[in-house]
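Trainee: Pasting a structure here, questions to come.
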Amino acid sequence: MASSSPQSQQEEGGGRGGSPEEEETHPLPLKFPSYLGALSRREMVELYCDCILQGCQAEDARRTMGNYILEKMKMKEKWLGIWETNPDTFFTSSEEIPVPNVGVLVEVTCKVFEYFCPNRKVSVSIAEPFSSNIANIPRAFIDNFLEKKDHYVPLSEIYPVQGQDSAVSDIAKALEIVRFFYDFLWREWDDDENSETYAARIEERIKIWCDINNGSIPAPFAHRFRRNLEKCKSKHFEMIYYPNHIEEVPTREENIEYFKKYFEVRMLRGLLKIWEDLRLRVHGPLFRRILKRRKGYREDRKPITYIVAKTVTVEMYVQVKDFSSNAFIEQCDNLNSALDSCYSGDHILIFPGEYKAARLSMLTEDIIIKGAGRPEEIIITSELHHESFVVSRAQNVKLTNITLIQQGTLDGIVVVESGHTALENCVLKCQGTGICVFAGASLTVINSEITGAEGAGIELYPGSTAILEGNNIHHCNNFRTCDPSGGNLGGINIKVLPLPKLRMKNNHIHSNNGYGVTIMKPCEEFSATTEGTVACAAAGDGEESLSKLMQELSLDMSTNILEENAKAITIIN
């Protein structure tokens, strides 16, 4: 139960009919299992696009969905359902024992509506015996609340229970279908846009939902998408209802504020469209850019070596001199302070311990970050749910002798946006995406270990460059997916057009849930091979470039140890 004594927690008017007598509260009966959760992506597309919406335009979608649910509601006038509502309706929330909702068994009386809207309400009464998911909740709470609402509650909060006839089963499916449409597929601004391909937009949104559920989109990225979606919805409502607060002719300041809200909403809607466009989502990275001015070198061109350690000893200064004999030395309490103080040419020497550093997500200076010891002794963990972990725009930055542990960040464990980034003798323990190298950027990884990525261990975007020597890339692409192409990703994923440059030597790529090297090429026409991979059917310069890449990789394969021969290299769309 998510509250202290219910009698002391009820809100005003929630149970003022005197002290309710204690009575037995029965457990709730079973709801119908998820209908949509058992459908494949193709079946969901057929259900919404081909069966219900049937090619209608965006401005007709709500009316079409309304007609669909109204026809189902006519099938039975009264039935039993569970009314699930926010616990804040009745109780003051408790952090110790959170309750996601308050559920009560009710009898639903359906009346024929002339039209349907997402917040349509239906008449309910408490069913006998009194049943709830909260033991010993006073029935007076529910009675008094329903009396204040004339016994009407939102239809979207009602879930039919099992054990009734087939008509109720059909109503349960229809309610789930409509709830999902308004929760995930519909956008309040959809009918503002003249879209003749609304079914295609719905199909793309279904694809996103399926990719989130089966893990093709790693959890941190799914979190970002949901957050962007909710923010866009919230800002849209702010913009729509802002004029209601203006009593007379709007002032200049009020007009400016409205247009600020308008353009913010347009920007957020544009970001959502990138997610919804499969081509942009696959081949166009959705990372935030570094907004930090590059400081460059100090005027006197004299570098500084920053010591980062819990405690400082004389022996540490000896190691610093071995690392950089002509540098000034400063001691910092934490890694963030050192990164904030750095100019190009500076060094950071980290002594054994565990550290966090949000400033690693804004590397713009040409610096060297080195661990003074074995990699397993110098551990840097990401900030939980922070946007990024290590993101570099420096012309030349190097990390050596350290272990990076990713904990819930939304980008790759290391993102090279531009310039060159080198990692030597490092251990990268990924949780989401592995290393990402953007167009025009370059990466060098030597004698390092990459493991645990939900996607590929290294993602090379078109026009990037990478040199990989003596690395161990294993146990990547750990997400569970029913999509054959998603399951192919493994050690290294190369996105072509234009072609990235890759040199590999003495790498060991093994134990990944997919191929050692995957080449992703956009192609309008493709056919499945007998092994389940996708072969490109395009021709021209792209095909010649792909052939050249395959030849170069084949020459390199003799010096590398990849997955078993059948899973060494593949090409997918």
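Trainee: Once fully extended, how much extra length lies between Glu238 and Tyr297, figured as 0.36 nm per residue of separation less the alpha-carbon to alpha-carbon distance? Spell out each step's value before the answer.
Mentor: Numbers: separation 59, 0.36 × 59 = 21.24 nm, distance 4.56 nm.
Between Glu238 and Tyr297, full extension yields an extra 16.7 nm.
Trainee: In whole Hz, with x marking every Gly and Pro, tabulate ³J(HN,Hα) for the stretch 42-56 from phi via Karplus 6.51 cos²θ - 1.76 cosθ + 1.60, θ = phi - 60°.
Mentor: 4, 5, 5, 4, 5, 5, 7, 7, 8, 9, 8, 6, 6, x, 5
Trainee: Next question. Once phi is turned into θ = phi - 60°, what whole-Hz ³J(HN,Hα) does the Karplus curve with 6.51, -1.76 and 1.60 give for every residue of the stretch 454-470, x standing for Gly and Pro?
Mentor: Whole-Hz 3J(HN,Hα) from phi for the stretch 454-470: 6, x, 6, x, 9, 10, 9, 7, x, x, 8, 9, 8, 10, 10, 9, x.
Trainee: Calculate, in nm to one decimal, what Ile246 and Ala439 gain on full extension: separation in residues at 0.36 nm each, minus their alpha carbon distance. Working shown, then result.
Mentor: Numbers: separation 193, 0.36 × 193 = 69.48 nm, distance 4.74 nm.
Taking 0.36 nm per residue and subtracting the Cα distance, the gain is 64.7 nm.
Trainee: On a straight-distance basis, which lysines could pair with Lys398 in a cross-link, Cα separation under 17 angstrom, same-chain partners fewer than 8 positions away excluded?
Mentor: Lys398 reaches Lys370.
Trainee: Could you run the Karplus curve 6.51 cos²θ - 1.76 cosθ + 1.60 with θ = phi - 60° over the stretch 429-439 and give me ³J(HN,Hα) per residue in whole Hz, x for Gly and Pro?
Mentor: 9, 8, 10, x, 7, x, 7, 10, 10, 7, 4
Trainee: What order do Tyr242, Tyr198 take when sorted by accessible area (1.4 Å probe), most exposed first?
Mentor: On the way: Tyr242 45, Tyr198 5 Å².
Greatest to least solvent exposure: Tyr242, Tyr198.
Trainee: Subtracting the Cα-Cα distance from 0.36 nm times the residue separation, let me have the gained length for Lys501 to Thr313 in nm, one decimal. Write down the numbers at each step before the final one.
Mentor: Working: separation 188, 0.36 × 188 = 67.68 nm, distance 4.49 nm.
Extra length from Lys501 to Thr313 when fully extended: 63.2 nm.
Trainee: Still on this structure, I have one more. Between Ile519 and residues 5 or more places away or on another chain, which pairs have amide H atoms under 5 Å apart, with H built 1.01 Å from N, and which residues are they?
Mentor: Here the answer is Ile494, Thr570, Ile571, Ile572, since their amide H atoms fall under 5 Å of that of Ile519.
Trainee: Next question. Would you mind checking the pairs Lys78/Lys148; Lys273/Lys495; Lys72/Lys231; Lys295/Lys429; Lys173/Lys273 and listing those with alpha carbons more than 25 angstrom apart?
Mentor: Working: Lys78/Lys148 22 Å; Lys273/Lys495 21 Å; Lys72/Lys231 33 Å; Lys295/Lys429 31 Å; Lys173/Lys273 29 Å.
From the list (Lys78/Lys148; Lys273/Lys495; Lys72/Lys231; Lys295/Lys429; Lys173/Lys273), the Cα-Cα distance tops 25 Å for Lys72/Lys231; Lys295/Lys429; Lys173/Lys273.
Trainee: Right, next: Do any GluC sites (Glu not before Pro) in the stretch 324-376 lie in a DSSP loop with no more than 14 other beta carbon atoms within 10 Å, and if so, which?
Mentor: On the way: sites: Glu330, Glu354, Glu365, Glu376; in loops: Glu365.
Loop-located and lightly packed - none at all.
The values are calculated or read from the model by the stated rules, or taken from the named source; none is laboratory data. This is a predicted model, so every value here is computed, not measured. We place every Cβ from the backbone using ideal geometry, glycine too, and count neighbours over all the protein chains shown. All accessible areas refer to the heavy atoms of the entire protein, side chains included, with ligands and DNA or RNA removed. Shrake-Rupley method; radii C 1.70, N 1.55, O 1.52, S 1.80 Å.
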